[in-house]
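The next block holds one structure in the form of structure tokens; read it before the comments.
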Amino acid sequence: MSNPRPIKSIVFPHRPGTGGPGSFQKRFEIKLKENGWRIEYAKENTSKPDIIFVIGGTRKVFWLLKMKIKGVPIIYRLDGINWLHTKKKVSFGYYLNKTLANSISKFIHAFLANRIIYQSTFVQEWWNRSGWKKAKNAVIIHNGVTIPKVEDIVNAVKQRKTNRLVVLEGTIDYTPYAIKLLNDLAKSLPEDIQIEIYGKFENNSVQGKLHNRLKYKGFLEHKNVYQVFQGAVYLSLDIHPACPNTVAEALACGNPVVAFNTGALSELVDASCGKIVDYGSNPWNLGYPDVKSLSRAIVEVFENYNSFSKNAYAKAKSDFDLTHMFQKYLDVFTN
């Protein structure tokens with residue numbers, strides 16, 4: 001009788017947090033447990049693990065250094081580099097915090113990580129430009145999401161009665177022009193398009209400045225994202241995103257995506273499943289974008305909704321399936 005495959009052990013610096021990295025870690029841990037991995041966190045770890053997996057960043061640099069000296073491979077999954085704090089008015093403490101976080105990430109990237117996983121080609125090129133050195137042992141793995149059953153998507157499309165445009169952001173007003181952009185969009189889109197906005201405000205006072213066509217729905221819990229997305233068009237207003245889960249989740253719901261051509265968006269959304277339009281100014285300087293082009297793209301998608309929706313689901317199933325993504329990570333962990 002052959003011996004069972006030994007359980008692999010993996011240590012994360014922290015328990016899952018909030019935001020994109022936190023939701024990724026939660027989903028990833030579920031898949032690890034399903035595949036027989038033992039999961040620990042830095043504070044609890046007492047033995048030498050098979051690997052350490054750093055997601056986004058950590059300040060546990062000395063712990064990582066100790067683990068590296070012990071010969072534990074460190075895998076580093078990278079987002080983009082903090083940059084908005086250099087373009088907006090922020091407190092000195094906030095500026096210092098983001099600058100320090102960048103320096104720590106660059107140190108881990110350059111000197112501690114054995115393997116680098118970039119979320120997109122855009123992220124890799126960004127780090128090649130702005131990191132302390134180019135990583136030689138690196139791969140690109142786009143994020144993966146749960147793919148609903150095709151019959152659920154077909155039924156949602158059949159039951160569509162209104163043209164729903166969904167805007168879902170972690171922080172709605174994270175750019176200085178966000179409210180103006182949304183209001184200009186509300187004025188330019190046909191009246192038969194219903195605009196729903198989900199997320200939180202950095203400055204709650206600006207909520208009252210929203211155009212009366214914009215239906216603010218508040219914060220959306222992740223468990224309800226798929227329900228809200230189905231039968232709608234998703235408008236992503238993210239600037240230079242690394243590889244946004246919301247875009248992949250929207251496509252998985254048969255939800256066409258419209259966005260500006262910044263970050264990794266053109267890697268995720270092709271002409272068959274949405275519209276990626278030119279920003280119209282310099283996004284790195286937070287110039288005001290081309291709202292008219294964005295508005296035209298939204299109308300064009302609604303005019304051919306069924307075709308875009310079908311292709312969106314097919315794109316997600318082909319490129320962003322969570323199980324396929326997990327296997328790619330396992331290949332990095334075990335090879």
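The values are calculated or read from the model by the stated rules, or taken from the named source; none is laboratory data. Given the structure is predicted, the values throughout are model-derived calculations rather than measurements. Cβ coordinates were reconstructed from backbone atoms using ideal geometry, including for glycine residues, and neighbour counts include every protein chain displayed.
Brief remarks on what is shown
- Number of the exception - Arg160 against (1) in a loop (DSSP other than H, G, I, E, B); (2) modelled with pLDDT under 90; (3) within 16 Å of the chain's Cα centre (by Cα): (3)
- Strands (runs of 3 or more DSSP E) wholly inside region 181-240 that include at least 3 residues being under 14 Å from Leu165 (Cα atoms) and in contact (Cβ under 8 Å) with a residue 60 or more places away in the chain: 232-236
- The set of residues in region 188-206 being under 29 Å from Asn82 (Cβ atoms) and either touching a Gly at 6+ places or on another chain (Cβ under 8 Å) or surrounded by fewer than 16 Cβ atoms within 10 Å (Cβ to Cβ) (or both) consists of Tyr198, Gly199, Lys200, Glu202, Asn203, Asn204, Ser205, Val206.
- Screening Asp152 on (1) in contact with an Asp or Glu (Cβ under 8 Å, 6 or more places away or on another chain); (2) surrounded by fewer than 17 Cβ atoms within 10 Å (Cβ to Cβ) shows it passes everything except condition (1).
- Any chance Glu249 is among the acidic types (Asp, Glu), closer than 19 Å to Val157 by Cβ and part of a helix (DSSP H, G or I): yes
- With respect to the conditions (1) free of Cβ contacts under 8 Å to residues at least 24 places away in the same chain; (2) over 19 Å from Leu168 (Cβ atoms); (3) more than 17 Å from the chain's Cα centre (by Cα), Ser266 falls short on a single one, namely (3).
- Restricting Ser272, Ser293 to residues that are among the polar types (S, T, N, Q), surrounded by fewer than 18 Cβ atoms within 10 Å (Cβ to Cβ), within 25 Å of Leu84 (Cα to Cα) and not assigned by TED's automatic domain parsing to the domain that holds Glu125 narrows the list to Ser293.
- Test result for Lys180, surrounded by 13 or more Cβ atoms within 10 Å (Cβ to Cβ), more than 18 Å from the chain's Cα centre (by Cα) and modelled with pLDDT of 95 or more: yes
- Taking residues in region 17-36 that are in contact (Cβ under 8 Å) with a residue 60 or more places away in the chain and within 25 Å of Gly199 (Cα to Cα), and partners anywhere that are hydrophobic (A, V, I, L, M, F, W, C) and crowded, with 17+ Cβ neighbours inside 10 Å, the pairs with Cβ atoms closer than 7 Å and at least 6 places apart or on different chains are Phe24/Ile55; Arg27/Leu322.
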